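Some notes on the structure that comes next.
The values are calculated or read from the model by the stated rules, or taken from the named source; none is laboratory data. For clarity, every value in this text was computed on a predicted model and none was experimentally measured. Cβ placement follows ideal geometry from the backbone for every residue including glycine, while neighbour counts extend to all protein chains displayed. In case anyone asks, the SASA skips ligands and DNA or RNA and just uses the protein heavy atoms, side chains included. Shrake-Rupley method; radii C 1.70, N 1.55, O 1.52, S 1.80 Å.
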Amino acid sequence: MAALSASKKAVINGVLAGVRSASSRPRQHSFAASLARQITAFCACAAPLTTMHTHLIIIASIAPVINALQTPPRKKVVVVGAGWAGLSTAWTLSKNNVDVTLVDAAARPGGVVRDGFKTRGGRPAEAGQHGFWEEYFNIYKLLDELKLEEDPLTGYAEQGQYSPQGLEAIWPVYRDKQNLPTGLAQARYTRFLKLSPLDLATAAPLVAAFSEFLSDDGAWRRYDELSFRDLCTKLGVSRKLYREAFEPMILTGLFAPGEQCSAAAALGMAYFFVLKSQTAFDVRWCRGNIGDLIFAPWCDQLRERGVTLQFDTRIEGVELDGDTVTAVKAAGETIPCDDIVFAVGMRALKGLAKSPALASRDEFRRFGNLRGTDVLATRLFFDRDVETPYSANACWGFDDKVGQTWFDLKKLHAPRLDDEPGAVVEVDYYHAGSLLGLSDAELEAKARRDLETMVPAFKSAELVDAAVVRLPEAVNWYFPGSYQSCPTTESESLRNAYFAGDVVRDLGHGSWSQEKAYVSGVAAANRVLGRSALDGVESLRPDEPHVAAGAAAAKALRRVFSFGGDGPSLASVPW
C-alpha cells in the first residue's frame, strides 16, 4: 500500500488522541460522541486505504473506549467517624470495590475507645477499659478475619463489686458452672454478700417487664417514656436491691443514674449483657491498649484495600443538591461523594443539627435533643506491686450518681507491663461531670483514696506516675424519651445518607455497645450497596425456650385485654 499522505496521518493521529482522552475519562460519556465525529472525519479522507485497513484502525481506536464505558464507575463513599461503626462500614465497603474516604476529628481511631493519651511521665494511656462479652459474635468474627499475630483478648476471670464498705458481690465465670436456664443461673451463681433473699426476691416482677419488652417491636417506644428507676418503683423492687445492685449496673452499663436512663435502654442492655444466656456476662478484656492491638492493624489492612483514612480532620459541613449530599467539606477540602455515612455518637449528631445545610430538616433538628454523658479515666502507676483480689471491678457509693470501675492492668495486660516496678491500675468514672472540674492532682489523689478504701494494701505504695483523661459528653446518654430523636440506618430526609453507631434505633439485631456499633456499620454499608441491612451479620442466639414462652404469653395477654386498642402495658400502670 502506498504511504499515507501527511494529511491522512494527521487525521489518524487525531483519532487516536481522542480515543486516549476518552478512555482516560470513562465517566463522561460525551466523549463517545466526540469520538464518533473524529471517526467520521477519518473515514471521509481514508478512501485510498483498503476496507480492511480502515476497519482495523477503527476497531483498534474505539476498543479502549468501549471497555471503559462498559466498566461501572466506582462508587465514592465518605464515612464520618472512625470508631467501631465507622471502621466496620469502611471494612465492609472495601470488600466491594467502593472508593472509601474515612474522616475523623481525632488523631487516632477508636472513637470513645481510642488511645494515644500520655501520663505526666510519658507512659501510654487510653480512654478507659472496654470489655468483650460473650455475645460479641461479629467482633469475634472480625478478629478472626484480621489474622492478628496474637490473640488480643484475655481469658475469663471472676469480677468483684465494691462500695466504700468493702466487697459487695462476686460475679463468677458462668461458663464454669453447671448449665441452668438463664435468670435462674444468674440468681443461683452470683454472690451478693450483703443482700438478703427477701431483697433479691423483689426483682421477680421485672421478669414480667422483660417478657413484655421482648414481645413486640413497639415495646421499646412504650418503655422509653419512663426511667428505669420509675419502672423499678412501679414493680416493687426494694430500695436496697435497687441501690446496691441495679443502680451500679446502670451507672456502669449506661453511664448515668437510673432516674436519668430510659427503662427501654436499661432492659435492652441488661438482657444483652446479663440475661441472654447463662454465659452472657462472661467477659474478656484487651491484653494491652486497644488502639495498638486491634485498631492499628485494622487500619493498616483498610489502607491496603485502598481506603483513605484522614484523622485530625473535622467536617465543616456538606454540600447538597436538593435531597442529595454531593460533597463533604472538611479541613478546607471538598470531598465529593455518591453516599455518606455518619458513624458518630449523640454529641456529634447534636452538632450536625447546627449545620446550616441540615438544620432545616426535621430529622436533623431532632438530633439537637440528644446529648452525651461525661467520662473520666485515670491510670495510676505505683512503686511496688499490690495483690488485688479481682482484675476487673465495678463500684458504687463513692460519689453520688457517679459510676465507677477499676482494673488491675498488670494482670490484664500481662506481660506488657511486667517491666513496671509496681502495680498499674485504671480507675474510671462515669456520669462524671461533677468531677471534671478538679485538677489533675486532685483527681489522682481521689482515685488513689478510692482504691485504698477498697484494697487497703495500696496505702503502702507510692504513686510515681499517672494519667488523667477527661472525656466530656463522650458516651451516648439514653435518657427517657431519647428514642424518638435517634437516627435510623437510612436517612429520613436525604436519599444518599446513612447512619451507624449504637445510637441507631432500627437495627433489629438486639446487640448493645461495641457489638451494636460494629453491626450497625455493616448494616449501613449493606444499604449503600443495595443489600438487606443485616446481610452477612451473625445473629444473636435464639431466646431460651422459657424466655420465648414468656414473651409469647405477654403478647397474648396484651391482645386479650386490648379491646381493639393497644392493650395494657406495665410501662403505663398508674401506681
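In the stretch 350-364, the residue that is surrounded by the most Cβ atoms within 10 Å (Cβ to Cβ) out of those that are farther than 16 Å from Glu492 by Cα and not small (Gly, Ala, Ser) is Lys350.
For the stretch 435-456, filtering for residues that are more than 15 Å from Val468 (Cα to Cα) and either polar (S, T, N, Q) or in contact with a helix residue (DSSP H, G or I) (Cβ under 9 Å, 6 or more places away or on another chain) (or both) leaves 3. Number of residues in the stretch 118-160 that are open to solvent by 20 Å² or more (accessible area, probe 1.4 Å), more than 20 Å from Gln514 (Cα to Cα) and small (Gly, Ala, Ser): the value is 3.
For the stretch 49-67, indicate whether the set of residues that are part of a loop (DSSP other than H, G, I, E, B), modelled with pLDDT under 90 and over 30 Å from Val464 (Cα atoms) is non-empty.
Scanning the stretch 49-67, I find at least one residue that is part of a loop (DSSP other than H, G, I, E, B), modelled with pLDDT under 90 and over 30 Å from Val464 (Cα atoms), so the answer is yes.
Selection of first residues in the stretch 404-428 that are part of a strand (DSSP E or B) and of second residues that are of a type in the set (Ser, Thr, Tyr) and open to solvent by 10 Å² or more (accessible area, probe 1.4 Å), restricted to Cβ pairs under 6 Å at least 6 apart or on distinct chains, gives the following pairs, ordered by first then second residue: Thr405/Thr252; Asp408/Ser391; Asp428/Thr405. Can we say Arg287 is among the charged types (D, E, K, R), within 21 Å of Thr405 (Cβ to Cβ) and open to solvent by 10 Å² or more (accessible area, probe 1.4 Å)? Criteria met by Arg287.
Out of all the residues in the stretch 258-269, is one or more open to solvent by less than 40 Å² (accessible area, probe 1.4 Å), out of contact with any strand residue (DSSP E or B) (no Cβ under 9 Å at 6 or more places or on another chain) and over 30 Å from Asp176 (Cα atoms)? Taking every residue of the stretch 258-269 in turn, at least one turns out to be open to solvent by less than 40 Å² (accessible area, probe 1.4 Å), out of contact with any strand residue (DSSP E or B) (no Cβ under 9 Å at 6 or more places or on another chain) and over 30 Å from Asp176 (Cα atoms).
Name every residue in the stretch 82-125 that is assigned to a loop (DSSP other than H, G, I, E, B), within 10 Å of the chain's Cα centre (by Cα) and at positive phi, in order of residue number.
Residue satisfying the conditions is Gly110 alone.
Considered as a group, the residues in the stretch 164-203 that are part of a loop (DSSP other than H, G, I, E, B) and under 25 Å from Val455 (Cβ atoms) include one that is most open to solvent (accessible area, probe 1.4 Å), and that residue is Gln165. Consider Ala432 carefully, then state whether it is within 20 Å of Ala127 (Cβ to Cβ), touching a Ser or Thr at 6+ places or on another chain (Cβ under 6 Å) and at pLDDT 95 or above. When the stated conditions are applied, Ala432 does not pass them. Restricting attention to the stretch 365-385, the residues that are within 24 Å of His130 (Cβ to Cβ) and surrounded by 19 or more Cβ atoms within 10 Å (Cβ to Cβ) add up to 12. For the stretch 402-454, the tally of residues that are surrounded by fewer than 15 Cβ atoms within 10 Å (Cβ to Cβ) and within 16 Å of Ala392 (Cβ to Cβ) stands at 1. Restricting the first member to the stretch 321-339 and to residues that are at negative phi, and the second to residues that are aromatic (Phe, Trp, Tyr) and assigned to a strand (DSSP E or B), the beta-carbon pairs closer than 9 Å and six or more apart or on different chains are Asp339/Tyr498. Might you check whether a residue that is assigned to a helix (DSSP H, G or I), under 20 Å from Gly550 (Cα atoms), of a type in the set (S, T, N, Q) and in contact (Cβ under 8 Å) with a residue 24 or more places away in the chain occurs anywhere in the stretch 272-287? For the stretch 272-287, residues assigned to a helix (DSSP H, G or I), under 20 Å from Gly550 (Cα atoms), of a type in the set (S, T, N, Q) and in contact (Cβ under 8 Å) with a residue 24 or more places away in the chain: absent. Of all residue pairs spaced 6 or more apart or on separate chains, those with beta-carbon atoms under 7 Å, a first member in the stretch 290-305 that is farther than 20 Å from Val98 by Cα and a second member that is part of a helix (DSSP H, G or I) and among the β-branched types (Val, Ile, Thr) are Ile290/Val113. Reported count of residues in the stretch 230-283, each being more than 21 Å from Phe132 (Cβ to Cβ) and among the hydroxyl-bearing types (Ser, Thr, Tyr), is 4.
Residue count for the stretch 204-251, restricted to those that are in a helix (DSSP H, G or I) and not aromatic (Phe, Trp, Tyr): 26. Just one of the numbered conditions (1) under 24 Å from Asn393 (Cβ atoms); (2) open to solvent by 40 Å² or more (accessible area, probe 1.4 Å); (3) within 25 Å of the chain's Cα centre (by Cα) is not true of Phe272: (2).
Of the residues making up the stretch 495-547, just one is open to solvent by less than 10 Å² (accessible area, probe 1.4 Å) and among the aromatic types (Phe, Trp, Tyr), namely Phe499. In summary, Leu451 fulfils each of the numbered conditions (1) within 19 Å of Val375 (Cα to Cα); (2) not in a helix (DSSP H, G or I) with the single exception of condition (2).
Among the numbered conditions (1) of a type in the set (D, E, K, R); (2) within 30 Å of Val307 (Cβ to Cβ); (3) in contact with an Asp or Glu (Cβ under 7 Å, 6 or more places away or on another chain), the only one that Lys555 does not meet is (2). Within the stretch 369-383, being assigned to a loop (DSSP other than H, G, I, E, B) and either without any contact (Cβ under 8 Å) to a residue 40 or more places away in the chain or closer than 22 Å to Glu442 by Cα (or both) holds for one residue alone: Asp383.
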